[in-house]
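> Starting off with a structure, shown below.
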Amino acid sequence: MIELGQGAGQPKAGDDLIKETTEATFMADVVEASRDVPVIVDFWATWCGPCKTLGPMLEDAVRAANGAVKMVKVDVDRAQQIASQLRIQSIPTVYAFWQGQPVDGFQGAVPQSEIKAFVDRLVAQAGGQQPEGDGLAEAVAQAEEMLAQGSAAEAAQVFAAIVGEDKSQVAAHGGLVRAYIAMGELDQAEAILNGVDAEISHAPELEAAHAQLQLARQAAGVGPVDDLKARVEADPADHQARFDLAQALHANGRTEEAVDQLLDLFRRDREWNEGAARAQLLTIFDALQPKDPIALKGRRKLSSMIFA
């Protein structure tokens, strides 16, 4: 057991992927460094119990990424100005920086599976996706093309065949779920998600499929866009109408407009309905491809509001 005050959270000697920073070096270690490779920033303190659990798991995930990301640790007691500027209100808090901007983050100790998904998402956003590594990758790409062209049933057959060959093919599992969503068979899509092995259930492809399923179920109860837009125009402070409008816009394929409405709602009242706007934004971002321009732009805007 690591005792309080005995250097818990310090990076291992010689580990160039993980380092401790100070207020004097934060810009170089995090902001500037993130222009070359994504940087995960762990805000911690020696007296923080959950930090002792989260820190080592984060370090393991960063090392497992083989240089695709780096990690910087910030002791909030020694870097109070940075913690104040970034509005760190509780620890552990983790932010991810890419191209000089915060693009993702979370608070509190989370399971290893969520940490891996967080790192995988960041690697993918930076364009560092790993290839499938076998001949099934071409079949996955073909099925994805079928799905993009509207041939959901045919795509589902190919995805199912790939899964039959190799149950560890997370891209095929995710594609199969999305194909059933496209066909409107949401219960079948959910059954597939519930049936995947626990070892791959938190893979980014399946997290994205789960987010798409959530959004598809929400779409069933939304009202007409024009009616909701009229309600928002009549009363801009009607947060529920704005939230419903965002759902309706997304259900009609107008994702960027939906994101704009949710960002506006977050700007007006970030705590409304227990942070519903932020939660919905993250669901939409998770449902999109990591490098989708709408997701990238939306995450940057949300981060800038959080840090403002």
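The values are calculated or read from the model by the stated rules, or taken from the named source; none is laboratory data. Values in this document were obtained by computation on a predicted structure and should not be read as measured data. FYI the Cβ positions are ideal-geometry reconstructions off the backbone, even for glycines, and counts take in every protein chain you see. Keep in mind that these areas ignore ligands, DNA and RNA; they rest on the heavy atoms of the full protein, side chains included. Shrake-Rupley method; radii C 1.70, N 1.55, O 1.52, S 1.80 Å.
> Can you work out which of the residues in the stretch 262-306 that are acidic (Asp, Glu) and either touching a His at 6+ places or on another chain (Cβ under 8 Å) or not in a loop (DSSP other than H, G, I, E, B) (or both) is nearest to Leu213 (Cα to Cα)?
Here the residue is Asp286.
> Quick one: Gly135 ticks every box in (1) touching a strand residue (DSSP E or B) at 6+ places or on another chain (Cβ under 9 Å); (2) of a type outside the set (Ser, Thr, Tyr); (3) modelled with pLDDT under 75 except a single one, so which number is it?
Exception for Gly135: condition (1).
> Asn273 is checked against (1) more than 21 Å from Lys301 (Cβ to Cβ); (2) open to solvent by 40 Å² or more (accessible area, probe 1.4 Å) and fails just one. What number does that condition carry?
(1)
> Restricting attention to the stretch 219-235, does a residue exist that is closer than 30 Å to Lys116 by Cα and open to solvent by 40 Å² or more (accessible area, probe 1.4 Å)?
No, the stretch 219-235 contains no residue that is closer than 30 Å to Lys116 by Cα and open to solvent by 40 Å² or more (accessible area, probe 1.4 Å).
> Could I ask something else about it? Could you go through the stretch 172-194 and let me know if any residue there is within 19 Å of the chain's Cα centre (by Cα), surrounded by fewer than 20 Cβ atoms within 10 Å (Cβ to Cβ), among the hydrophobic types (A, V, I, L, M, F, W, C) and at pLDDT 90 or above.
yes
> Continuing with this model, one more query. Has the stretch 251-261 got any residue that is open to solvent by 20 Å² or more (accessible area, probe 1.4 Å), small (Gly, Ala, Ser), touching a residue at least 24 places away in the same chain (Cβ under 8 Å) and in a helix (DSSP H, G or I)?
Yes, some residue in the stretch 251-261 is open to solvent by 20 Å² or more (accessible area, probe 1.4 Å), small (Gly, Ala, Ser), touching a residue at least 24 places away in the same chain (Cβ under 8 Å) and in a helix (DSSP H, G or I).
> Would you check if there is a residue in the stretch 203-210 being in contact (Cβ under 8 Å) with a residue 60 or more places away in the chain, within 21 Å of Gln280 (Cα to Cα) and not in a helix (DSSP H, G or I)?
Checking the stretch 203-210: at least one residue is in contact (Cβ under 8 Å) with a residue 60 or more places away in the chain, within 21 Å of Gln280 (Cα to Cα) and not in a helix (DSSP H, G or I).
> With under 20 Å from Leu176 (Cα atoms), at pLDDT below 85 and in a helix (DSSP H, G or I) as the only criterion, which of Ala117, Ala160, Ala143, Ala124 stands out?
Ala117
> Suppose we keep only residues that are at pLDDT below 90 and among the polar types (S, T, N, Q) within the stretch 1-21. Which one would you say is most open to solvent (accessible area, probe 1.4 Å)?
The selected residue is Gln6.
> Pairs under 8 Å by beta carbon, first residue within 16 Å of Ala153 (Cβ to Cβ) in the stretch 171-199, partner crowded, with 19+ Cβ neighbours inside 10 Å and polar (S, T, N, Q), six or more apart or different chains?
Close Cβ pairs (under 8 Å, with a partner that is crowded, with 19+ Cβ neighbours inside 10 Å and polar (S, T, N, Q)) amount to Val177/Gln212; Arg178/Gln212; Ile181/Gln212.
> OK, next. Select from the stretch 206-250 the residues that are within 27 Å of the chain's Cα centre (by Cα) and basic (Lys, Arg) and write down the one among them that is nearest to Asp269 (Cα to Cα).
Arg242
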